[in-house]
Amino acid sequence: MRITDYVAIDLETTGVSVSKDKIIEVGLIKVKDSHIVEMFSCIINPNMPVSYEILNLTGIDEDEIKSAKYIQDVIGEIVEFCEGFDLLGHNTIFDYSFVRKEANNAGLDFEKRGIDTYKLCKKILPPDVKKNLTDACAYFGIERKHMHRAFSDAYFTHMLYQSILEYFPELGCDTEMMKVKLKKFIPIRKRTKEDLQKLLKCHRIVCKVNIDLLSESEAKRMIDKILSQKEKRFI
């Protein structure tokens, strides 16, 4: 079955852990009958520090992140943009998991079927060809540009998929329901917030995140980190 209507998706994140890391950039491309009809792209403030390695990898400027909206402000737009469409990605479950988590935290439904170009490449490409997005694109004569930027990677995933459909018309490209195990989101509790604020004030720490947007577990990790760092000073 040839799927020609979909939303190509790619994210840039602070890391690879769905439970601990956050989205810093979203790229979405809506495709109908194999033609691009709409696009969505934005940088997101993850409300947590972004490592130099990630900034260097993506080329995203720290000031861009600081001035960007929080995911809570845009998750509704993302969910609405994807409504009624399957998702296309290169290792789709990774991107889907992060969006699904944020949608779930916001009380929004985001159950999706997906098409994975990485899995398709494992079926059709020669064993000596790497299956990452750059090498897979190169195999079909597609020069990937602006690597590790969400919109660009979503676009080249779309181009890769179209090439797969063209050169392997007999290949079955059915979608599959994507399943993700998510922990229940618990907002920061009043007592935890007070404890964190007292610690920050006591140790004269400038907090660079919005405490009100933290989950209970994130706040407790911050408290544990502060306490462990202070203990090391006395060892």
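The table below gives the values:
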quantity	calculated
Selection within segment 31-61 - closer than 28 Å to Asp5 by Cα and within 17 Å of the chain's Cα centre (by Cα)	Met39, Phe40, Ser41, Cys42, Ile43, Ile44
Residues satisfying the stated conditions in segment 62-109, i.e. in a helix (DSSP H, G or I), under 25 Å from Met48 (Cα atoms), open to solvent by 50 Å² or more (accessible area, probe 1.4 Å) and out of contact with any helix residue (DSSP H, G or I) (no Cβ under 9 Å at 6 or more places or on another chain)	Asp63, Glu64, Lys66, Asp73, Glu77, Ile93, Phe94, Asn104
Yes/no for Asp10 being open to solvent by less than 30 Å² (accessible area, probe 1.4 Å), touching a Gly at 6+ places or on another chain (Cβ under 9 Å), in a strand (DSSP E or B) and assigned by the TED database to the domain that holds Gly84	yes
Per-region count, segment 13-52, residues farther than 17 Å from Lys69 by Cα and open to solvent by 20 Å² or more (accessible area, probe 1.4 Å)	16
Residues (in contact with a Phe, Trp or Tyr (Cβ under 7 Å, 6 or more places away or on another chain) and without any contact (Cβ under 8 Å) to a residue 60 or more places away in the chain) located in segment 84-107	Asn91, Ala103
Selection within segment 168-205 - within 27 Å of the chain's Cα centre (by Cα), open to solvent by 80 Å² or more (accessible area, probe 1.4 Å) and within 30 Å of Tyr6 (Cα to Cα)	Asp174, Glu176, Met177, Lys179, Lys181, Lys183, Lys184
Among residues of segment 110-166, those that are assigned to a loop (DSSP other than H, G, I, E, B), among the aliphatic types (A, V, I, L, M) and open to solvent by less than 70 Å² (accessible area, probe 1.4 Å), counted	3
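Conditions tested, residue by residue: (1) within 14 Å of Arg149 (Cα to Cα); (2) free of Cβ contacts under 8 Å to residues at least 24 places away in the same chain; (3) not charged (D, E, K, R).
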| site | (1), (2), (3) |
| --- | --- |
| Glu38 | no, no, no |
| Ile54 | yes, no, yes |
| Lys69 | no, no, no |
| Val74 | no, no, yes |
| Glu77 | no, no, no |
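The values are calculated or read from the model by the stated rules, or taken from the named source; none is laboratory data. Being a predicted model, the structure only gives us computed values, none of them experimental. Cβ coordinates were reconstructed from backbone atoms using ideal geometry, including for glycine residues, and neighbour counts include every protein chain displayed. What goes into the accessible areas is simple: the full protein's heavy atoms, side chains included, and nothing from ligands, DNA or RNA. Shrake-Rupley method; radii C 1.70, N 1.55, O 1.52, S 1.80 Å.
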